[in-house]
Amino acid sequence: MAKKYSKTEYFKIVLVLGALCTISPFSIDMYLPGFPEMAQTLNTPISNIQLSLTAYLVGIAIGQLFYGPLLDRFGRKKPLYAGLAIYILASIGCALSQTVENLILMRFIQAIGGCAGMVSAQAIVRDIFPVEKTAQAMSLLVLVIAVSPMIAPALGGFVTAAYDWHWVFIILAALTAIIWIATVIVLPSGALPDQEISLRPKQVWNGYLKVLDNRQFLVYMLVGGIAGAAPFAYIASSADVFMNLYGLSEHQFGWIFGILAFAMIGSTQLNHILLRKFSSQQIINFSLHYQVSVGLLLVTGVYFDWFNVYALIALMFVFLTAHGLNGPNTTALSMAPFSRNAGSASAMLGSMRMAIGGIVTAVVSLFHASSAFPMVLGMAACALGGFMVLKMDQLTPGTISKKSHTAFST
């Protein structure tokens with residue numbers, strides 16, 4: 001039975017869990033304003049710098065699959081501490097990189113360490129809060145996470161302009177060290193170590209297959225993963241589009257990134273209110289209809305050159321509000337069927353989402369052009385893909401999307 005926490009304890013726990021989840025958003029967003037300078041310093045095209053972002057997303061996707069069984073076998077904190085140590089060392093390695101190849105490698109290792117925070121945070125939410133409260137808790141986590149894109153690019157732009165891009169990674173290492181200390185002091189242990197969880201490759205693989213065999217998990221993982229990859233299409237191209245195409249400065253880019261991040265913050269809080277009257281399934285269904293419509297308008301408008309930079313930002317703001325509704329609800333419904341293997345389920349969920357995000361960033365980078373079209377096309381395609389998965393489930397006999405969702409031990 002989940003322990004009841006005071007409001008102060010609840011606030012501190014959610015704050016630290018959110019901080020753990022911000023490690024990767026900061027790692028992704030904070031160095032974006034430095035892309036042009038990094039390309040110049042490392043004597044490489046900006047498309048190669050974009051590959052360092054892809055490497056980070058691939059590292060997250062792979063790393064989470066390893067952390068899942070470790071979190072179930074050894075408890076939540078020991079693997080988390082190991083991951084944070086790897087992240088800090090790899091961040092220093094990024095700062096010392098002299099070639100783009102070394103940067104890409106260090107970013108991959110950095111992701112292997114940093115993803116521990118994301119997996120453990122989602123598993124601990126499932127451990128310590130009742131199932132019916134997980135969507136609300138996830139909404140609060142997304143609120144904390146959504147603040148980071150407002151801060152990270154602005155901070156990264158300031159650091160890059162005042163010093164250089166190397167210092168961005170030094171600051172990331174320092175911030176993670178602070179989060180590590182807060183984790184030790186504040187965070188509950190979550191589920192106890194389970195010695196029955198095997199770390200043998202065959203058993204681990206079978207465990208993941210068991211997770212994927214759950215239809216509710218599979219459907220909402222795909223819906224959330226595909227639709228949730230839309231911001232990655234934007235992130236991969238945003239520095240090039242706004243700074244090179246529209247000629248904005250590092251500081252201006254940071255402010256725009258923050259404004260667009262606010263779209264997700266507002267909708268996340270709206271989701272917290274909507275859950276009092278509507279189910280997660282109803283909210284997801286509405287938000288995907290709405291996001292696909294806005295996405296198609298974005299694609300059409302950019303293709304026919306209807307928009308200036310202000311109109312483009314405004315429509316992207318409207319589009320991204322749906323992300324704050326989709327994310328918490330698809331995560332909560334994906335995790336709901338699991339209690340004992342919550343670590344493995346969280347790892348598979350995060351891994352698949354980041355794998356899809358990595359594919360999207362790589363594809364958008366391949367179609368690099370002097371236009372915002374690849375960016376908005378990628379965003380719209382992701383929203384449409386998630387929408388189609390949801391509709392296919394609803395049209396299938398015995399659909400889980402029309403049933404009430406309850407937790408059971410897996």
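The values are calculated or read from the model by the stated rules, or taken from the named source; none is laboratory data. Fair warning: this is a prediction, and the values are worked out from it, not measured in the lab. These area figures cover heavy atoms from the full protein model, side chains too; ligands, DNA and RNA do not enter into them. Shrake-Rupley method; radii C 1.70, N 1.55, O 1.52, S 1.80 Å.
Points worth noting:
- Measuring nothing but protein heavy atoms, the accessible surface of the chain at 1.4 Å probe radius is 69 percent carbon and sulfur.
- Descending semi-axes in whole angstrom, ellipsoid equivalent of the chain, from the Cα gyration tensor: 31, 26, 19
- A straight chain from Ser293 to Glu37 at 0.36 nm per residue would run longer than the Cα-Cα distance by 88.5 nm.
- Note, ³J(HN,Hα) from phi for the range 68-76, Karplus 6.51, -1.76, 1.60, rounded to Hz, x at Gly and Pro: x, x, 5, 5, 6, 7, 10, x, 7
- Counting only protein heavy atoms and a 1.4 Å probe, the chain has 41 square angstrom of accessible area per residue.
- Contact order relative to length of the chain, as percent, for alpha carbon pairs under 8 angstrom and 6 or more apart: 27
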